[in-house]
Amino acid sequence: MKEHSIYHCLSCQHTPLELSEEGYTCPNCNTLFLVKDGISILVKEAQEHEAQLAEARSINPAWYEEEQKAEAESPWRHHLKKRRSFVKDSIARYLSSCGKQKAETMLDLGCGDGNNLAWLTDYAEQLWGSDYNILRLARVKERKLNVGIFLGNILDYPVVDNTFEIVYFNHVLEHIQDDDAALATAHRVLKPGGLLVLGVPNEGVWWWQLAYKRAPGTLESTDHVHFYTAETISQKVLTAGFSITEVKHLGWGPPDWTWDMRVRKYKILDDLFDIIGKLFIPTQASSLYIMAIKENN
Ligand SMILES: [Zn+2]
């Protein structure tokens, strides 16, 4: 995997960087980006980045340190499986429309502990995962997947324009204050004609707003900063320059955070909520997926 060919220098945008024993050096301005324990540290101020994360960890260790549960261990495992099946089918359909079985290049943007990288490898010759939290990338590394991983800030992203055929951007955007800039990054690094797979919670709709109203403490403690509906997220995706091919609602449950977790761990109840939800409140699903194409221009 020729990793250095996808990176550009954060100081001067030069590409390619040169790989040495220490890390990546920009041949134009000599900026050095270290590689630590096999993870490329592609942020401008690595120490400052680490200090900010250390502070964030001390305020809320759960968001920044706790292991992300594997699908099989999650109370929402049946829902997560449905999401994964939907995304797999969508990616396979896109690839087949391009006459391919695998994408040449794919990115999991905000890959966390790598739970999704583990199955995304089936769909790409070259798969990359990036995150802004090095603890999570260290866990990805332990999995020994055939994946290029790097630390990067989505708002100052170290990747050359038009690099990936598919960008998988799953449950990340709702955490980022400047979500428009984050979407612009996803657009920039996709190849023209490339596919964006965007997953976000559907928490702006009245059903899940009701859940928040019933438990105001949850609203105060959530790390989500955006509460999208199909309309609001679609508008953002269009504004970023994509054309949307599908907006999918997935997963229904009781509008109570505690009960939702308890009830949906049983497949029969998760399936039952899906049937009732699709019939009576089709737009009030818990998850949204947007499939979108970066137009050729
Ligand atoms: Zn440079």
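The values are calculated or read from the model by the stated rules, or taken from the named source; none is laboratory data. No experiment lies behind these values; they were computed from the predicted model shown. Don't worry about glycine lacking a Cβ; one is built from the backbone with ideal geometry, like all the others, and counts go over all protein chains shown. Remember, those area values only see protein heavy atoms, side chains included, never the ligands or the DNA or RNA. Shrake-Rupley method; radii C 1.70, N 1.55, O 1.52, S 1.80 Å.
Find the Cα radius of gyration of the stretch 167-207, compare it with 2.2 N^0.38 Å by division, and give the number to two decimals. Before the final figure, lay out each step's value.
Details: Rg = 11.5 Å, N = 41, 2.2 N^0.38 = 9.0 Å.
Normalised Cα radius of gyration, the stretch 167-207: 1.28.
Cα to Cα, under 14 Å, and not fewer than 8 places away if on the same chain: which aspartates and glutamates meet these conditions relative to Lys144?
In chain and number order, the partners are Asp37, Asp113.
Straight-line reach from Lys141: which lysines have Cα under 16 Å away, leaving out those fewer than 8 places along the same chain?
Straight-distance partners of Lys141: Lys36.
What pairs in Lys69/Lys267; Lys82/Lys278; Lys44/Lys102 have C-alpha atoms more than 22 Å from each other?
From Lys69/Lys267; Lys82/Lys278; Lys44/Lys102, over 22 Å: Lys44/Lys102.
Can you bin every Cα-Cα distance in the stretch 1-41 into 5 Å intervals starting at zero and give me the percent of pairs per bin, rounded to whole numbers?
Calculated over all Cα pairs of the stretch 1-41, the distribution is 6, 28, 36, 23, 6, 0 percent.
In terms of the Cα gyration tensor, with a ≥ b ≥ c the square roots of its eigenvalues, is the stretch 42-147 rounded because a/c is under 1.5, prolate because a/b exceeds b/c, or oblate?
oblate
Starting from the Kirkwood radius over alpha-carbon pairs of the chain, derive D by Stokes-Einstein at 4 °C in a medium of 1.567 mPa s and give it in µm² s⁻¹.
Estimated via Stokes-Einstein, D reaches 65 µm²/s.
Determine the order of Leu195, Leu269 by accessible area, beginning with the largest, at a probe radius of 1.4 Å. Before the final figure, lay out the partial values.
Numbers: Leu195 5, Leu269 60 Å².
Listed by decreasing accessible area, they come as Leu269, Leu195.
Let's see if you can work this out: charge +1 on each Lys and Arg Cβ, -1 on each Asp and Glu Cβ, no other charges. What is the dipole magnitude of the chain about its Cα centre, in debye to the nearest 20? Could you put the intermediate results ahead of the total?
Values: 31 positive and 40 negative charges, 240 e Å.
Using only the charged Cβ atoms, the result is roughly 1160 debye.
Over the alpha-carbon set of the stretch 122-252, divide Rg by the Kirkwood Rh and report the Rg/Rh ratio to two decimals.
Here the Rg-to-Rh quotient is 0.99.
In degrees between 0 and 90, to the nearest 10, how far off the longest principal axis of the chain does helix 77-97 point, with axes built from Cα atoms?
Approximately 60 degrees, to the nearest ten.
Given a Förster distance of 30 angstrom, what is the FRET efficiency for Arg57 paired with Cys98, based on the Cβ-Cβ distance and rounded to 0.05? Mind dumping the intermediate values first?
Working: r = 41 Å, r/R0 = 1.37.
Taking R0 as 30 Å, the efficiency between Arg57 and Cys98 is 0.15.
I need the chymotrypsin sites (Phe, Trp or Tyr not before Pro) found in the stretch 202-272, filtered to DSSP loop residues with at most 16 other beta carbons within 10 Å of theirs.
Numbers: sites: Trp206, Trp207, Trp208, Tyr212, Phe227, Tyr228, Phe242, Trp252, Trp257, Trp259, Tyr266; in loops: Phe227, Tyr228, Trp252, Tyr266.
Listed in order of number, the matching sites are Tyr266.
Report the accessible area of Leu53, computed with a 1.4 Å probe over the heavy atoms of all protein chains in place, in Å² rounded to the nearest 10.
Around 10 Å² of this residue is reachable by solvent.
When only the heavy atoms of the protein chains count and the probe is 1.4 Å, how do Leu196, Leu155, Leu135 rank by accessible area, highest first? Don't jump to the answer; show the numbers that get you there.
Working: Leu196 0, Leu155 95, Leu135 60 Å².
Sorted descending by solvent-accessible area, the residues read Leu155, Leu135, Leu196.
So for His224, His175, His79, what's the accessible-area order with a 1.4 Å probe, most first?
Ranking His224, His175, His79 by accessible area, largest first, yields His175, His224, His79.
Report, in whole Å, the centroid distance computed from the Cα atoms of the stretch 194-240 and the stretch 58-96.
Comparing the Cα centres of the stretch 194-240 and the stretch 58-96, I get a distance of 17 Å.
For an R0 of 35 angstrom, estimate the FRET efficiency from the Cβ-Cβ distance between Thr232 and Glu45 and round to the nearest 0.05.
So the FRET efficiency works out to roughly 0.60.
Express the C-alpha Rg of the stretch 58-107 as a ratio against the empirical globular expectation 2.2 N^0.38 Å, rounded to two decimals.
1.65
Based only on Cα atoms, what Rg/Rh ratio does the stretch 181-277 have, Rh being taken as Kirkwood's radius? Could you put the intermediate results ahead of the total?
Working: Rg = 16.0 Å, Rh = 15.4 Å.
Across the stretch 181-277, the Cα-based Rg/Rh ratio is 1.04.
If amide H atoms are built 1.01 Å from N in the plane of the peptide, which residues on other chains or at least 5 residues away come under 5 Å of the amide H of Leu145?
Correct list: empty.
How long are the semi-axes of the ellipsoid equivalent to the stretch 218-257, from square roots of 5 times the Cα gyration tensor eigenvalues, in whole Å, largest first?
25, 15, 6
Would you please give the residues with an amide H less than 5 Å from that of Ala103, counting only those at least 5 places away or on a separate chain, with H modeled from the backbone geometry?
Ala124, Glu125
Just subtract the alpha-carbon distance of Thr218 and Leu34 from 0.36 nm times their residue separation and send over the number in nm, one decimal.
62.3 nm
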